[in-house]
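All remarks here apply to the structure that follows.
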Amino acid sequence: MAGAPRNTKQKQAVYEALQRLGHPTATEVYESVRAVHPGVSRGTVFRVLGGFAASGQVRRLTLADSDARFDATLAPHAHGRCRICGRVCDIFLPDYAAVAAGAICGGFHVEGWDVEFTGLCKDCNEEQMRANANEE
Ligand SMILES: [Zn+2]
Ligand SMILES: [Zn+2]
């Protein structure tokens, strides 16, 4: 099949962009893939991302105040989101794996999770402390 190798290459490019970018939106993935493969269409990238999410290869995140983001890290974890710059970091809690395995909360069967901590990333926090210091 003539189309298969190209298709596989695009899928690989999308997955690599996801890993490189951390928690990108679909648009950010598209822009990153396009920089390397100028011929790729937005529709293709969005379709590939949707396929990854549907097959469980990546997680689709619904964070507050943000378009859907995608995460290639499948190990159970929560997220911290900076309320100023929107940066997203991974937070691994000791009980998370136990919760996901149904070992907590009377055998509650977990099908998905979206735990979000909001606050300030290191840069924005330092910026704010500088700003506060100047005001005094
Ligand atoms: Zn920030
Ligand atoms: Zn994550």
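Where a number appears in this text, it was derived from the coordinates with a stated rule and is not lab data. Everything numeric in this text was worked out from a predicted model, so none of it was measured. Here Cβ is always computed from backbone atoms with ideal geometry, including for glycine, and neighbour counts include all displayed protein chains.
Below, the figures for the structure above:
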item	result
Helix 122-135 axis, angle to the chain major axis (alpha carbon atoms, nearest 10°)	40
Cβ-based charge dipole, the chain, positive-most Cα from Ala68, Pro94, Val40	Val40
MRE, 222 nm, helices only [DSSP H, n ≥ 4, -39500 (n - 2.57), over the chain, to nearest 500]	-14500 deg cm²/dmol
Over region 51-109 - Rg/Rh using Cα atoms and the Kirkwood inverse-distance radius	1.02
Within region 61-136: Cβ-based charge dipole about Cα centre, in debye rounded to nearest 20 (Lys, Arg +1; Asp, Glu -1)	120
At 0.692 mPa s and 37 °C, Stokes diffusion of region 75-136 via Kirkwood alpha-carbon radius, µm² per second	240
Long-range Cα-Cα pairs in region 1-71 (distance over 13 Å), rounded percent	61
Volume per residue that the Cα convex hull of the chain spans, once the total is divided by residue count, Å³	141
Degrees separating the helix 42-55 axis from the principal Cα axis of the chain, which is the longest one	70
Rounded Å value of the spacing that divides the Cα centres of region 65-124 and region 31-51	26
FRET efficiency, 1/(1 + (r/R0)^6) with R0 35 Å, evaluated for Leu21 and Ile104 via beta carbons	0.65
Gain in span if fully extended, Asp114 to Ile91, counting 0.36 nm per residue against the direct Cα distance	7.1 nm
GNM flexibility winner over the chain from Leu63, Leu93, Leu21 (Cα, springs under 10 Å)	Leu93
